[in-house]
Amino acid sequence: MSNAVEHPKKTEGFNSFAEFYPFYLREHSNRICRGLHYVGSTLGLCIAGYALLTGEYIFLLPAIICGYLFAWIGHFFFEHNRPATFKHPLYSFLGDWVMLKDFLMGRFRRK
């Protein structure tokens, strides 16, 4: 029996999105992975917009698939980590949009 206190992993739980977002960004440090997220999110948003504007709601499923497909390709082939969606689906979904907003506002500049 050990006297060491076990601390939960930082990835196990977050008290707020503000606490989660720095972790989310570390999980997206690869530029190609982030780029695939931006492409997938933008295409997914366009497809969802089309579905809502035309009333062809069947296109909402491809919108969701498109967003996640690009993101997961980025994680599995470029970032080499497991998407945070599996453990933190709501925060990860929000993180995708905040990261896209940050990108569009110039937060991620080449160094």
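With the structure loaded, tell me whether I32 is open to solvent by 80 Å² or more (accessible area, probe 1.4 Å), assigned to a helix (DSSP H, G or I), modelled with pLDDT of 95 or more and in contact with a Phe, Trp or Tyr (Cβ under 7 Å, 6 or more places away or on another chain) or whether it fails that test.
Details: open to solvent by 80 Å² or more (accessible area, probe 1.4 Å): yes; assigned to a helix (DSSP H, G or I): yes; modelled with pLDDT of 95 or more: yes; in contact with a Phe, Trp or Tyr (Cβ under 7 Å, 6 or more places away or on another chain): yes.
So I32 passes the test.
Condition first: among the β-branched types (V, I, T), surrounded by 15 or more Cβ atoms within 10 Å (Cβ to Cβ) and assigned to a helix (DSSP H, G or I). Can you find one or more residues in the stretch 76-95 that meet it? Working first, answer last.
If we filter the stretch 76-95 for residues that are among the β-branched types (V, I, T), which is where we start, we get 85.
From what is left, the residues that are surrounded by 15 or more Cβ atoms within 10 Å (Cβ to Cβ) are 85.
Filter once more, so that each one left must be assigned to a helix (DSSP H, G or I): 85.
Yes: the stretch 76-95 contains one or more residues that are among the β-branched types (V, I, T), surrounded by 15 or more Cβ atoms within 10 Å (Cβ to Cβ) and assigned to a helix (DSSP H, G or I).
Of the conditions (1) farther than 28 Å from G13 by Cβ; (2) surrounded by 15 or more Cβ atoms within 10 Å (Cβ to Cβ), L53 satisfies every one except a single condition; which number is it?
Of (1) farther than 28 Å from G13 by Cβ; (2) surrounded by 15 or more Cβ atoms within 10 Å (Cβ to Cβ), only one is false for L53: (2).
Filtering the stretch 1-29 down to residues that are of a type in the set (S, T, N, Q) and either in contact with a strand residue (DSSP E or B) (Cβ under 9 Å, 6 or more places away or on another chain) or open to solvent by 80 Å² or more (accessible area, probe 1.4 Å) (or both), which residue is modelled with the highest pLDDT? Lay out the reasoning, then the answer.
Here is the first cut: in the stretch 1-29, the ones of a type in the set (S, T, N, Q) are 2-3, 11, 15-16, 29.
Filter once more, so that each one left must be either in contact with a strand residue (DSSP E or B) (Cβ under 9 Å, 6 or more places away or on another chain) or open to solvent by 80 Å² or more (accessible area, probe 1.4 Å) (or both): 2-3, 15.
Details: S2: 42, N3: 45, N15: 94.
In this case the residue turns out to be N15.
Exactly one condition in (1) open to solvent by less than 80 Å² (accessible area, probe 1.4 Å); (2) assigned to a helix (DSSP H, G or I); (3) more than 14 Å from Y21 (Cα to Cα); (4) not hydroxyl-bearing (S, T, Y) is false for G106; which is it?
(2)
The values are calculated or read from the model by the stated rules, or taken from the named source; none is laboratory data. Everything numeric here is computed off the predicted structure, so don't read it as measured data. Every residue, glycine among them, receives a Cβ derived from its backbone with ideal geometry; neighbour counts consider all protein chains shown. Heads up: the accessible areas ignore ligands, DNA and RNA and are worked out on the full protein's heavy atoms, side chains in. Shrake-Rupley method; radii C 1.70, N 1.55, O 1.52, S 1.80 Å.
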